[in-house]
Amino acid sequence: MYCPNCGKKNDIDALFCENCGARLIIPASSAQPTSTAAVSSAAQSTSSTAASETPAASASASAAPTTTQPATRSAQHARQNEQPHSASKAPWLILIVVLVVAFGGGYYWLEHQQQNNSTTTATTAKSSSQTADSTEAASSSSSASSASTATQAALWSTTKSSELASFMSSWEDTMNQSYEGTYDGQSVTVGELSLPADIKNNQYQDKITVNGDALKLKWTTTADTDVKYQVVAAATDPNASSGVITYLYVFHNGSPDVLVSQDSADATTFNFTSSQNTDLQDGFAKIANAD
């Protein structure tokens, strides 16, 4: 090959001139065979590759299933109906789940409310029953107490009152005294104290004490109550030389006792103590304890 610049002859496969260094131009006649040969070689390679791949492709084609389209419109509709409708079923499944949850929650709420109502009703009924039982028990206790008070054996009577009047008439002669007594149907008045009215009307609290204490007294003709001091009679001798002598005939805790006061008529409070006169005590006790 000759250099187009200096004309120096170079090797046929040289790219640059060994004399001037210019780039050598490969003649067309020399390049064509190379190009044709390369193309031919590439074509052969491609043909060989295609030939080798054809059996595999044919095998794959023969192995793949053949899909046959339905020939008629009705067959196409039938084929479409056979396909799954999962997308269209999803909303219905969600709706069914929501309904089940709502129904279950409502049923649970209703059961809970019914249980609460039943519990409240039972509690109210129990409370009412307990209240009724308590009221009945209190009423029974009150009735029993009243019955107990009313059914105690009478310790005094009109007959015994008459016997006390006879005893006092004899006893005052012995004592050379003169007494006015409620057993004779008379009222006993000493200063501001009036018997039996003050005791019956609960106006004695500031007028009578027993052993220095203000106590509850009850005037009675039968002495059948549970009051600590039951007064059945009273008497006084306003003309006594040693001062006014006033007696109260009582049942103290169920036992007969005669209380005496020697306070003057102008006293505001009359203090009574148990009489030391044994004849008077024995006479009253004999009458009181008689059947």
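Tabulated values for the structure
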{"read-out": "Filtered residue count, segment 242-252, keeping only those that are at pLDDT 95 or above and open to solvent by 10 Å² or more (accessible area, probe 1.4 Å)", "value": "2"}
{"read-out": "Segment 202-260, residues that are within 19 Å of residue 190 (Cα to Cα) and of a type in the set (Gly, Ala, Ser)", "value": "212, 214, 233, 234, 235, 240, 241, 242, 243"}
{"read-out": "Residue among 257, 291, 263, 224 that is charged (D, E, K, R), open to solvent by 10 Å² or more (accessible area, probe 1.4 Å) and at pLDDT 95 or above", "value": "257"}
{"read-out": "Tabulated pairs, segment 190-208, first crowded, with 17+ Cβ neighbours inside 10 Å, second part of a helix (DSSP H, G or I) and among the β-branched types (Val, Ile, Thr), C-beta under 8 angstrom, 6+ apart or interchain", "value": "195/182; 196/182; 208/199"}
{"read-out": "Sole exception among (1) free of Cβ contacts under 8 Å to residues at least 60 places away in the same chain; (2) under 18 Å from residue 168 (Cα atoms); (3) not charged (D, E, K, R) for residue 284, by number", "value": "(1)"}
{"read-out": "Inter-residue pairs, beta-carbon under 6 Å, first assigned to a loop (DSSP other than H, G, I, E, B) and in segment 10-22, second open to solvent by 100 Å² or more (accessible area, probe 1.4 Å), 6+ apart", "value": "10/18; 20/5; 22/5"}
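The values are calculated or read from the model by the stated rules, or taken from the named source; none is laboratory data. This is a predicted model, so every value here is computed, not measured. Using ideal geometry, Cβ is built from the backbone for each residue, glycine included, and neighbour counts are taken over all protein chains shown. Ligands, DNA and RNA are stripped out before the accessible areas are found, and what is left, the full protein with its side chains, is counted by its heavy atoms. Shrake-Rupley method; radii C 1.70, N 1.55, O 1.52, S 1.80 Å.
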